[in-house]
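Read through the structure below, which is laid out as structure tokens, and then see the notes.
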Amino acid sequence: MPLPEGLYGLMAEFDSPTDLVHAARSAYRAGYRRMDCYTPYPVEEAAEAIGFHRDEVSLVCLIGGLLGLVAMYTLETWISVWAFPLNIAGRPYYSWPAFVIPGYEWTILWAGMSACFGMLALCGLPKPYHPVFNAPNFRNGATTDKFFLCLESTDPKFEAAEARSFLEAQKPISVVEVEY
Amino acid sequence: MATKDSPVNNPMLDPVTGEYRVIAPGHTFKSVTETVSRIVLTSHTPLGWWFGFMLAGSVVGLLMICVSWLFVKGIGIWAVTVPVAWGFAIVEFVWWIGIGHAGTLISAILLLFKQGWRNSINRFAEAMTIFAVMCAGMFPVLHLGRPWLGYWLFPYPSTMNYWPQFRSPLMWDVFAVSTYATISVIFWYLGMIPDLGTLRDRAQSKFGQFFYGLISVGWRGSVRHWVRYETASLLLAGLATPLVLSVHSVISLDFSVALLPGWHTTIFPPYFVAGAIYSGFAMVLTLAIPIRKFYHLEDLITIRHIENCNKVMLATGLVVAYGYSSEVFMSWYSASHWEYFMMWNRMFGPMGWSYWALITCNIALPQLLWARKLRTNVAFTFIMSLIINTGMYLERFVIVITSLTRDYLPSSWGTYRATRWDYGTFLGTLGFFTFCFFLFIRFLPMIPMSELRLMLPQAKVREKREPLPEAGD
């Protein structure tokens, strides 16, 4: 697949989270859908504003946890009843109360790993290169104290001149073009 | 009346509540970022850091010598023998794991309870957890006798057709501790990713840009990512909370499932967990107070943090005191000859000194923390944290050693005297812990910048024309 070329999008820089959220709301109202906000700390209102309401991390975590429980409990039962039965002070081979504890630990282990790696996978990370890093002012502010709104060129409504005048109407510090 | 403590004169006090502030007033997104990141990104490593690092490194050398000699000669170089087969190794295992627990409590339980003050101290409390678990994990493995066969503990299809035995608490320990170590590392790293992105963007050196670029996995602060990140953090906190309670409970079952007087009691799980958190908070203070002084972080780790940690210590200390009194009561109420003797021997036997030293360090002296003047005194708190750590070590010592030296039959009674290798190994792990910590504060952001930004008043999204509230809380 050839690397995409040309314009990735238009990026507006804001000074405060309030300005960013207002701009993002108006962009959504104006019909833009393919856009993203970049902030130095979580701004939930911005996610709401661009129409991102739910994530699947909890579901991934639940599935992981259940799999961990089933995996460990099955393993313990198989080992203690079939593979290597031992008579420990006359206790039954299937000593379920004792098996609960490793099963519990593996529920947490698998759920935690699923939450972490599931979250990274859903975000598409690790991704060392991304076009937004090409914006000259991005790395200076996005992880420190500035707030960015990027309208992406793949949006069907996107038209460079119109998007630029829309963003400039939101009173940003600057609007820059982001190349692939 | 304008005294030194009144809000008029002291900017660290909130004029509305009269409480100490969590962050000093007047900070901006940029200033908190710079305060934290310049510690890591400076090209001038402070001389004090080198000195501490070298000192800790030489103690790690001592650990290497002790462990190598153990591998050559076997665990006979330690004082463990029958009847005291669990010597210092198990005392220190339990002690170190306990220290780790405060890190998880701060990062997970206080997050769920929305305790904002935890934000400045959670990162290094988590680092403390990881290093403490690493130290703890060494002891049971070294104590195996043939440590190179430690992997036999894990269920894997071996050519010997052998499988582990899941009815033993020692086996549960393997899963509890390994899960705890893994989840702690994951939680710590996940929380660090946004800050690593900040460091990547601010690093001047090529190596810094490459290193932080690699480990920040390309974090760019997209709000979609932030939402998933927040969900994952909350889920991990929700998972780590029952985990941390289960880990020390499982460790206490190593003791209480055995039939030995002094071990065979149902109070052990809650009392071990409370003791773990107690010693862990003491260790947090032992670390935080010098670091905040050395790196001038008084604005971010304030008296409020120190006072709150002291309050948690006071509360958990009282739970521990309840545990001790319950042990004494139960040994009388059980009407069991052996239980009765065990408690008498603990208090007035040949090792009675350790019991009374424990009561002094863990119960008597910490009551001074009821005084607000002392709670907010940094030097006093530092000394108190050392006393409590010693007290918790003595507690593990009393539980493991005095119970084992007096078995049911007087013919099998024995004594315990630790050898220089026991002391050397313990000192070595203290050095290893400090060594890791020095590396951590030099190369990783020890205070979570993104969470501090979130706590500043200007972080809130407000509808237009709403006035900006007073900075600081």
Quick check, is B:ILE441 outside any helix (DSSP H, G or I) and either β-branched (Val, Ile, Thr) or closer than 19 Å to B:TRP95 by Cβ (or both)? no
Only one of B:ILE183, B:ILE193 that is among the hydrophobic types (A, V, I, L, M, F, W, C), under 27 Å from the mean Cα position of the chain (by Cα) and under 26 Å from A:LEU151 (Cα atoms): B:ILE193
Could you say whether any residue in the range A:129-140 is over 18 Å from A:PRO40 (Cα atoms) and in a loop (DSSP other than H, G, I, E, B)? yes
Qualifying position, being modelled with pLDDT of 90 or more and either farther than 23 Å from B:PRO25 by Cβ or crowded, with 21+ Cβ neighbours inside 10 Å (or both), among B:TYR423, B:TYR416: B:TYR423
Taking the range A:1-16 and keeping only residues that are surrounded by fewer than 23 Cβ atoms within 10 Å (Cβ to Cβ), closer than 26 Å to A:PRO136 by Cβ and not acidic (Asp, Glu), one is left with A:PRO2, A:LEU3, A:PRO4, A:GLY6, A:LEU7, A:TYR8, A:SER16
Need the failing condition index for B:ILE399 against (1) over 25 Å from B:PRO269 (Cβ atoms); (2) in a helix (DSSP H, G or I), just the number. (1)
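Confirm whether B:LEU365 is touching a helix residue (DSSP H, G or I) at 6+ places or on another chain (Cβ under 9 Å), within 29 Å of B:LEU142 (Cα to Cα) and in a helix (DSSP H, G or I). Can you show your working first?
Working: touching a helix residue (DSSP H, G or I) at 6+ places or on another chain (Cβ under 9 Å): yes; within 29 Å of B:LEU142 (Cα to Cα): no; in a helix (DSSP H, G or I): yes.
No; evaluated as a whole, the condition is false for this residue.
Output the number of residues of the range A:25-48 satisfying the condition of being of a type in the set (Gly, Ala, Ser) and within 24 Å of B:LEU452 (Cβ to Cβ).
Taking the range A:25-48 first, the residues of a type in the set (Gly, Ala, Ser) are A:26-27, A:30-31, A:46-47.
Those left that are additionally within 24 Å of B:LEU452 (Cβ to Cβ): A:46-47.
Here the count works out to 2.
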Just give me the residues in the range A:45-73 being at the interface with another protein chain (Cβ under 10 Å from one of its Cβ atoms), in a loop (DSSP other than H, G, I, E, B), over 13 Å from B:ALA232 (Cβ atoms) and not β-branched (Val, Ile, Thr), in sequence order. A:PHE52, A:HIS53, A:ARG54
Is it true that B:PHE329 is assigned to a helix (DSSP H, G or I) and within 26 Å of B:ILE97 (Cα to Cα)? no
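Being in a loop (DSSP other than H, G, I, E, B), at the interface with another protein chain (Cβ under 7 Å from one of its Cβ atoms) and under 44 Å from the mean Cα position of the chain (by Cα) is the filter here; which residues of the range A:85-106 pass it? Steps first, answer last, please.
Filtering the range A:85-106 for residues in a loop (DSSP other than H, G, I, E, B) gives A:85-95.
Next, from what is left, pick out any that are at the interface with another protein chain (Cβ under 7 Å from one of its Cβ atoms): A:86, A:88, A:91, A:95.
Of everything in the range A:85-106, just one residue is in a loop (DSSP other than H, G, I, E, B), at the interface with another protein chain (Cβ under 7 Å from one of its Cβ atoms) and under 44 Å from the mean Cα position of the chain (by Cα), namely A:SER95.
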Of all residues in the range B:188-214, count the ones that are buried (at least 20 other Cβ atoms within 10 Å of the Cβ) and away from chain A (no Cβ under 11 Å). 1
Members of the range A:74-84 that are over 26 Å from B:ALA181 (Cβ atoms) and either at the interface with chain B (Cβ under 7 Å from one of its Cβ atoms) or in a loop (DSSP other than H, G, I, E, B) (or both): A:ALA83, A:PHE84
Residue check for B:VAL67: outside any helix (DSSP H, G or I) and not small (Gly, Ala, Ser): no
Under 6 Å between Cβ atoms, which residue pairs at least 6 apart in sequence (or on different chains) link something in the range A:158-172 that is in contact (Cβ under 8 Å) with a residue 24 or more places away in the chain and surrounded by 12 or more Cβ atoms within 10 Å (Cβ to Cβ) with a partner that is of a type in the set (Phe, Trp, Tyr) and not in a helix (DSSP H, G or I)? A:PRO172/A:PHE14
If we ask which residues in the range A:141-173 are in a loop (DSSP other than H, G, I, E, B) and more than 17 Å from the chain's Cα centre (by Cα), their number turns out to be 15
Search the range B:1-52 for residues being more than 19 Å from B:THR302 (Cβ to Cβ) and of a type in the set (Gly, Ala, Ser), and hand back the single one that is modelled with the lowest pLDDT. B:ALA2
Residue pairs within 6 Å by beta carbon, gap of at least six or interchain, first lying in the range A:111-139 and at the interface with chain B (Cβ under 7 Å from one of its Cβ atoms), second surrounded by fewer than 16 Cβ atoms within 10 Å (Cβ to Cβ) and of a type outside the set (Asp, Glu), listed first then second, are none
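Mind counting the residues in the range B:374-388 that are buried (at least 23 other Cβ atoms within 10 Å of the Cβ) and closer than 13 Å to B:LEU358 by Cα? Don't jump to the end; show me each part of the working.
Residues of the range B:374-388 that are buried (at least 23 other Cβ atoms within 10 Å of the Cβ), as a first pass: B:381, B:384-385, B:388.
Checking the rest, the ones that are also closer than 13 Å to B:LEU358 by Cα come to B:388.
Final tally of qualifying residues: 1.
Give the residue, chosen from A:MET35, A:MET11, that is under 18 Å from the mean Cα position of the chain (by Cα) and in contact (Cβ under 8 Å) with a residue 60 or more places away in the chain.
Working: A:MET11 fails: under 18 Å from the mean Cα position of the chain (by Cα).
Matching residue, one of A:MET35, A:MET11: A:MET35.
Looking only at residues in the range B:112-149 that are β-branched (Val, Ile, Thr) and either surrounded by 22 or more Cβ atoms within 10 Å (Cβ to Cβ) or in contact (Cβ under 8 Å) with a residue 40 or more places away in the chain (or both), which one is nearest to B:TYR20 (Cα to Cα)?
Going residue by residue through the range B:112-149, those that are β-branched (Val, Ile, Thr) are B:121, B:129-130, B:133, B:141.
Now narrow it down to the ones that are either surrounded by 22 or more Cβ atoms within 10 Å (Cβ to Cβ) or in contact (Cβ under 8 Å) with a residue 40 or more places away in the chain (or both): B:121, B:129-130, B:133.
Details: B:ILE121: 16, B:THR129: 27, B:ILE130: 30, B:VAL133: 33 Å.
Checked the range B:112-149; the qualifying residue nearest to B:TYR20 (Cα to Cα) is B:ILE121.
On the basis of being in a helix (DSSP H, G or I) and surrounded by fewer than 24 Cβ atoms within 10 Å (Cβ to Cβ), does B:GLU307 make the cut? Give the steps one after another, and end with the answer.
Working: in a helix (DSSP H, G or I): yes; surrounded by fewer than 24 Cβ atoms within 10 Å (Cβ to Cβ): yes.
When the stated conditions are applied, B:GLU307 passes them.
Based on what the data block shows, is B:GLY52 farther than 22 Å from B:GLN209 by Cβ and touching a residue at least 60 places away in the same chain (Cβ under 8 Å)?
On the way: farther than 22 Å from B:GLN209 by Cβ: yes; touching a residue at least 60 places away in the same chain (Cβ under 8 Å): yes.
In short, yes.
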For the range B:223-249, name all the residues that are crowded, with 19+ Cβ neighbours inside 10 Å, of a type outside the set (A, V, I, L, M) and within 7 Å of chain A (Cβ to nearest Cβ). B:HIS225, B:TRP226, B:ARG228, B:TYR229, B:THR231, B:SER246
Are any of the residues in the range A:74-86 in contact with a helix residue (DSSP H, G or I) (Cβ under 6 Å, 6 or more places away or on another chain), more than 30 Å from A:LEU167 (Cβ to Cβ) and without any contact (Cβ under 8 Å) to a residue 40 or more places away in the chain? yes
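The values are calculated or read from the model by the stated rules, or taken from the named source; none is laboratory data. Every value quoted in this text rests on a predicted model; they were computed, and no experiment measured them. No Cβ is skipped: glycine too gets one built from the backbone with ideal geometry, and neighbour counts run over all protein chains shown.
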